[in-house]
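The structure appears below as structure tokens.
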């Protein structure tokens, strides 16, 4: 059985909301994000949308060096039991609250590549 590469993106717009895409197969039954990149032969791949909101599990502030602005990276927990990693947008002050609500939003990388990030949901209780 020859593996084949999955070429679909790991995020998508669903109406006005952005969602992440997790996958599972019979041989990998737990949801996985980022999605499986390679699949054995003709094994069926189930795609499951996760988001658009989740809970902030943890984050860190990256200080890239002289002349570059600090930024945040976060791990976010989504139903049904998927933890995703990505950039956390917004201000460093006040510090984000762990277990607060965040949403998946469009983000563009420095090279112009479309991607996703997380932003705080204003007014949402933890």
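The values are calculated or read from the model by the stated rules, or taken from the named source; none is laboratory data. These figures come from a predicted structure and were not determined experimentally. For neighbour counting, all protein chains shown are included, and Cβ atoms are generated from backbone atoms with ideal geometry for every residue, glycine included.
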| 1 or more residues within 15 Å of residue 11 (Cα to Cα) and touching a helix residue (DSSP H, G or I) at 6+ places or on another chain (Cβ under 6 Å): qualifying strands (runs of 3 or more DSSP E) within the range 32-125 | none
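Any idea which of 69, 79 is in the same structural domain as residue 97 (by TED's automatic domain parsing) and more than 19 Å from residue 104 (Cβ to Cβ)?
Matching residue, one of 69, 79: 69.
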| note | Exactly one of 51, 86 is modelled with pLDDT of 95 or more and touching a strand residue (DSSP E or B) at 6+ places or on another chain (Cβ under 8 Å), and that residue is 86
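Here's the yes/no breakdown for (1) over 19 Å from residue 119 (Cα atoms); (2) surrounded by 17 or more Cβ atoms within 10 Å (Cβ to Cβ); (3) within 17 Å of the chain's Cα centre (by Cα); (4) not assigned by TED's automatic domain parsing to the domain that holds residue 115:
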{"residue": "14", "(1), (2), (3), (4)": "no, no, yes, yes"}
{"residue": "20", "(1), (2), (3), (4)": "no, yes, yes, yes"}
{"residue": "23", "(1), (2), (3), (4)": "yes, yes, yes, yes"}
{"residue": "32", "(1), (2), (3), (4)": "yes, no, yes, yes"}
{"residue": "37", "(1), (2), (3), (4)": "yes, no, yes, yes"}
{"residue": "41", "(1), (2), (3), (4)": "yes, no, no, yes"}
| note | Looking across the range 8-31 at residues that are assigned to a loop (DSSP other than H, G, I, E, B) and under 21 Å from residue 104 (Cα atoms), the single one that is modelled with the highest pLDDT is 31
